[in-house]
Structure formats: C-alpha cells, structure tokens
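These notes are about the structure you will find just below.
The values are calculated or read from the model by the stated rules, or taken from the named source; none is laboratory data. Predicted, not measured: the structure shown is a model, and the values here were computed from it. Because the Cβ atoms are built from the backbone with ideal geometry, glycine has one as well, and the counts that use them run over all protein chains shown. Just so you know, the surface numbers come from the protein's heavy atoms only, side chains and all, with ligands and any DNA or RNA stripped out. Shrake-Rupley method; radii C 1.70, N 1.55, O 1.52, S 1.80 Å.
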Amino acid sequence: MTMYTILRNAFLLALSTLAILSCATASSGNQAGGFDPGQPTVLITGSNRGIGLALTRHYAGAGWNVIATARNPVKADELNALAAGDPTVIVEQLDVTDLERINGLADAYQGVPVDVLINNAAVLGDLGGQFYGSLDYDQFQWTMAVNVFGPMAMAEAFEPHVAASKQKKILTLTSGLGSLTLMSKMQGMTYYRISKAGVNMGMRAIRANLIKDGIIVALIAPGMVQTQLLADSGYTGKALTPDESAAGMAGIIAGLTLDDSGKPTNVDGKTIPW
Ligand SMILES: NC(=O)c1ccc[n+]([C@@H]2O[C@H](COP(=O)([O-])OP(=O)(O)OC[C@H]3O[C@@H](n4cnc5c(N)ncnc54)[C@H](OP(=O)(O)O)[C@@H]3O)[C@@H](O)[C@H]2O)c1
C-alpha cells in the first residue's frame with residue numbers, strides 16, 4: 001500500500017466518522033417516510049423533557065406522526081427511547097434561536113403537512129438577574145431570543161407546512177405570568193414575564209395575518225406543572241404532572257376553531273386576561 005493510499009484511506013475514514021457523528025447529533029431531516037399518511041402530524045419544540053416530552057408521548061400514544069425536536073438529541077435519552085419503539089416519532093435537532101437550522105428543517109420537511117405546530121420550548125432565566133435595578137441584559141436578550149423570537153421564527157418557517165395540513169394550528173405555550181392584568185403588582189421574573197407578554201402579542205400579530213388562510217393561531221397555558229422550570233422558579237405548591245397537563249392541552253387544541261378569541265387559554269379551559 002502506497003503512502004498516498006494510506007493517507008487517502010485515513011481521510012475517508014475521518015470523513016465517514018464525521019458523517020456518522022453529525023447524524024447522531026443532528027439528523028438532516030425529512031425522515032417523514034416512516035410517517036403514517038392517514039394520521040395528523042405535530043411538530044413540537046423542546047421535546048426532550050418536561051411538558052414537551054409529555055406532549056410527544058401524548059400525541060405518539062394517540063397515533064399521530066410526531067416531529068420531536070430537541071436542541072441536544074444525543075442527550076435526549078427518554079425521547080430517543082420513545083422514538084426507537086415508534087417509527088412515527090422522528091427526533092430532529094433544533095435550537096429555536098438558530099434561524100439557519102429552523103429554515104433548514106422547514107426546507108427538509110417541504111411538502112410534509114404539519115397539522116399542529118407547538119412552540120413549547122422556553123427558558124425561565126436565572127432569577128437573580130431579573131430584578132429591576134440589577135437586570136442582567138445578556139440573560140434578558142437570551143430569554144427573549146428563546147421565548148419570543150424562536151416561536152415567531154418557527155411560525156414563519158413552518159407556515160406553508162401548516163397551511164397544507166387539515167387542522168392548520170399554530171400553538172404557543174404561554175403563562176399567566178405574561179398577563180398584564182394578573183401580574184400588575186408582581187416583582188421579579190421580569191424578563192420571563194416580559195417574554196410571555198411579548199410572545200402573546202407576537203402570536204396575536206401572526207393570527208391577524210393568517211386567519212384569512214384558515215390557520216388557527218392560539219396561546220395556551222399549561223397550568224403549574226411539575227418540571228425543571230417550575231422547580232427553578234421556587235414554586236412548591238400544587239402542580240399537575242406533565243402528562244396531565246399535556247392531555248388537558250391536547251383536548252383544548254383538538255377543540256380550537258377559527259372563531260375562538262385568540263386570547264390565552266389556561267389548561268383548565270379558562271381564558272387568561274391579557
Ligand atoms: N412548568 C410550568 O409550570 C409552566 C407554567 C407556565 C408555562 N410553562 C411553559 O411551558 C413550556 C414548557 O416548560 P417546561 O415546564 O416543560 O420547561 P422545562 O422543563 O424547563 O423544559 C424546557 C424545554 O425547552 C427546551 N429549550 C430551552 N431552550 C431551548 C432552545 N434554545 N432551543 C430549543 N429548545 C430549548 C429545553 O431543552 P434543553 O433540555 O436542551 O434545555 C426543554 O426541552 C414553556 O414554554 C414554559 O414557559 C410552564
């Protein structure tokens with residue numbers, strides 16, 4: 001074997017190793033070939049844990065095709081185990097602050113109808129930097145990027161997929177903490193609250209654009225739910241399990257119509273005032 005062949009083989013080996021590694025960390029998308037064409041499809045952000053994982057479990061259990069996205073799929077053990085046993089659950093890498101990846105994923109799924117897009121992923125941010133007087137603006141910007149810009153970019157990128165579907169629904173998870181009415185005297189969690197108020201307005205704006213196309217744009221609050229986010233908030237009161245919240249929200253999502261007000265709906269069915 002010549003030196004050239006040895007070097008060439010080493011180069012090819014390195015290339016194929018890289019290819020395998022990149023498949024493991026980020027599938028390039030459209031694996032929808034495994035989908036059941038007779039069933040609706042949901043795309044969920046932040047599917048690896050918390051409410052996103054419970055929504056994935058719920059829809060997979062109901063027979064839906066699920067595009068389950070996670071920013072770090074290699075570490076998404078529970079999600080990967082679920083997908084391993086169900087060909088209609090496809091795991092895709094997606095950080096909702098990565099516009100290039102959002103658009104790349106939308107391109108990869110071009111022609112695949114998405115009945116329900118669920119913007120679930122969000123961050124609470126470090127509580128210490130959220131008090132007026134000592135606001136941490138880097139964290140503020142990051143929270144806005146994940147919680148507001150991410151859902152807006154997802155809606156823009158996947159609008160054609162939703163428009164091509166039967167159910168035509170874009171859902172964003174919000175919180176009572178984003179209500180100007182309910183939170184008029186609250187201090188702390190400042191930029192989390194601003195981000196949820198902001199995403200409410202963002203979805204309101206998108207709704208005004210898309211209603212003529214028959215696309216339902218809705219806001220839903222999951223209730224107090226036992227997740228890492230709730231634990232990090234310091235709340236220790238009564239809370240739903242992620243599965244209870246996911247089932248409740250799926251019921252509300254199923255009943256959404258174009259005639260709904262578009263105001264945030266809590267998981268118990270009550271309207272949250274703006
Ligand atoms: N839990 C509650 O009581 C409660 C109440 C009201 C509203 N909510 C809302 O419900 C939704 C889900 O919250 P949760 O309680 O399930 O929170 P969680 O347990 O903290 O999970 C958050 C999810 O978002 C993902 N995420 C964070 N940044 C991301 C990014 N840049 N790109 C993609 N994914 C990202 C996380 O992925 P990593 O694992 O990679 O970090 C994780 O999958 C959020 O919108 C939250 O605001 C929750």
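Count of the range 81-105 residues, restricted to those that are within 23 Å of Leu229 (Cα to Cα) and within 13 Å of the ligand (Cβ to nearest atom), is 8. Of all residues in the range 224-244, one or more are more than 19 Å from Thr143 (Cα to Cα), surrounded by fewer than 15 Cβ atoms within 10 Å (Cβ to Cβ), in contact with a strand residue (DSSP E or B) (Cβ under 8 Å, 6 or more places away or on another chain) and not hydrophobic (A, V, I, L, M, F, W, C).
Just the residues that are in a helix (DSSP H, G or I), in contact (Cβ under 8 Å) with a residue 40 or more places away in the chain and farther than 16 Å from Thr56 by Cβ, please, taken from the range 229-274. Within the range 229-274, Leu229, Asp232, Ser233 meet the criteria.
If the condition is being in contact with a Phe, Trp or Tyr (Cβ under 9 Å, 6 or more places away or on another chain) and open to solvent by 20 Å² or more (accessible area, probe 1.4 Å), then the range 59-87 contributes only Pro87. Any residue in the range 200-213 that is open to solvent by less than 30 Å² (accessible area, probe 1.4 Å), under 25 Å from Arg57 (Cα atoms) and within 19 Å of the chain's Cα centre (by Cα)? No, because not a single residue in the range 200-213 is open to solvent by less than 30 Å² (accessible area, probe 1.4 Å), under 25 Å from Arg57 (Cα atoms) and within 19 Å of the chain's Cα centre (by Cα). Here Ala197 does not fit the description of being surrounded by 13 or more Cβ atoms within 10 Å (Cβ to Cβ) and in contact with a strand residue (DSSP E or B) (Cβ under 6 Å, 6 or more places away or on another chain).
Which residues, counting only those in the range 245-254, are within 21 Å of Trp274 (Cα to Cα) and either within 11 Å of the ligand (Cβ to nearest atom) or surrounded by fewer than 17 Cβ atoms within 10 Å (Cβ to Cβ) (or both)? Result: Met249, single match. Of all residues in the range 151-183, those satisfying the criterion of being hydrophobic (A, V, I, L, M, F, W, C) and assigned to a loop (DSSP other than H, G, I, E, B) are Ala164, Leu180, Leu182, Met183. Considered as a group, the residues in the range 100-130 that are in a helix (DSSP H, G or I) and in contact with a Phe, Trp or Tyr (Cβ under 7 Å, 6 or more places away or on another chain) include one that is farthest from Gln31 (Cα to Cα), and that residue is Gln130. Pairs meeting the criteria (first residue in the range 117-142 and without any contact (Cβ under 8 Å) to a residue 24 or more places away in the chain and within 15 Å of the ligand (Cβ to nearest atom), second residue in a helix (DSSP H, G or I) and open to solvent by less than 70 Å² (accessible area, probe 1.4 Å), beta carbons under 8 Å, at least 6 apart or on different chains) are Asp126/Gln139.
Screening Tyr192 against (1) part of a loop (DSSP other than H, G, I, E, B); (2) aromatic (Phe, Trp, Tyr); (3) touching a residue at least 40 places away in the same chain (Cβ under 8 Å) leaves a single unmet condition, (1).
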